[in-house]
Amino acid sequence: MGEAELRISQMEDKMGGLETDSNIAGKKVSALWDRVQALENHSKRNNVRLVGLKETYGTDGTLEMCVKKVLSEGLGIVPEAEFEIERLHRVSAPVPNEGQPPHAVLIRFLRQSAREKVLRAAAVKRGVTWEGNRLSIFPDVTKELAEKRKTFLAAKKALQQHNVRYTLAFPATLRFTWRGKNQRFTQAEEAERLINRHSNN
């Protein structure tokens, strides 16, 4: 019995060590994944996605001209060197069937300041209408970050109902002023708790 208990104890120690090693490895993998995500999103810092532009626009090599008209005529942005476009293209995917939404246009500006001004102008207008196209402009981010930013939808809607201006800063930080105090949240649930708590008072 003593020998059996000793072996059981040794096995438990080994299992505990394996569990610790597994936890450490899991944390390292998670940290590496976060770094990969940060690097990928950093590489997209000058990019925006234009959603809603009909597939028939720009098929003859005039896509850049169409985008520039959207910026000037739709957003009221005066063409300047600051808004120079480095490159742009339709997002690669099978040609959509009739009735399906068109592919987004990926636009990369030469300067990050242009991206920020375009996003601000689009946010103020809450969408763009140009030649019958109802367009939206979003930051170009990874799928994972896009999902994280979506979690703030409820908090943003609540702030709009209270006529509170806010900013969803990159990568996913909600900033606003609430009752004279500047607030900053990286977790949507915390922002919602603050808004709901004060709303019920």
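Would you compute, from DSSP H runs of 4+ residues alone, the mean residue ellipticity of the chain at 222 nm, taking -39500 (n - 2.57) per run and dividing by the full residue count, rounded to the nearest 500? List each step's numbers first, then the result.
Numbers: 6 runs with 92 residues, N = 201.
So the calculated ellipticity at 222 nm is -15000 deg cm²/dmol.
Say R0 is 41 Å: what FRET efficiency, to the nearest 0.05, do residue 116 and residue 24 get from their beta-carbon distance?
On the way: r = 39 Å, r/R0 = 0.96.
Plugging the Cβ-Cβ distance into 1/(1 + (r/R0)^6) gives 0.55.
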What relative contact order, as a whole-number percentage, does the chain give when Cα pairs under 8 Å and 6 or more residues apart are counted?
-> 19 percent
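Could you please state how large a percent of the accessible area of the chain is carbon and sulfur, counting protein chains only and using a 1.4 Å probe?
Values: 7150 of 13580 Å².
Answer for the chain: carbon and sulfur cover 53 percent of the accessible area.
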Signed unit charges on C-beta, dipole axis of the range 98-140, positive-most listed residue 139, 103, 129 | 139
What whole-number value in Å² describes the accessible area per residue of the range 48-201 for a 1.4 Å probe?
-> 62 Å²
Quick one: how many Å² of residue 170 are accessible to a 1.4 Å probe, rounded to 10?
-> 100 Å²
If ligands, DNA and RNA are left out, what is the accessible area of residue 88 with a 1.4 Å probe, given in Å² to the nearest 10?
-> 40 Å²
Most mobile of 41, 163, 133 in a GNM of the chain (Cα contacts under 10 Å) | 163
Filter the DSSP H helices in the chain by two things, a Kyte-Doolittle mean of at least -1.0 and an axial alpha-carbon span of 24 angstrom or more, and list the hits by number.
-> 2-43
Calculating percent of Cα pairs over 22 Å apart from this structure picks out, from (1) 42; (2) 63; (3) 47, entry (2)
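Of the cross-linked pairs 27/156; 44/150; 117/156; 150/181, which ones have a Cα-Cα span greater than 29 Å in the structure shown? Let's see the in-between values first.
Values: 27/156 32 Å; 44/150 18 Å; 117/156 20 Å; 150/181 24 Å.
From the list (27/156; 44/150; 117/156; 150/181), the Cα-Cα distance tops 29 Å for 27/156.
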For residue 92, solvent-accessible area (1.4 Å; no DNA, RNA or ligand), Å² = 110 Å²
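The values are calculated or read from the model by the stated rules, or taken from the named source; none is laboratory data. Bear in mind the structure is a predicted one, so any value in this text is a computation, not a measurement. Heads up, the Cβs are rebuilt from the backbone with ideal geometry, glycines too, and the neighbour counts pull from every protein chain shown. With ligands, DNA and RNA removed, areas are computed over all heavy atoms of the protein, side chains included. Shrake-Rupley method; radii C 1.70, N 1.55, O 1.52, S 1.80 Å.
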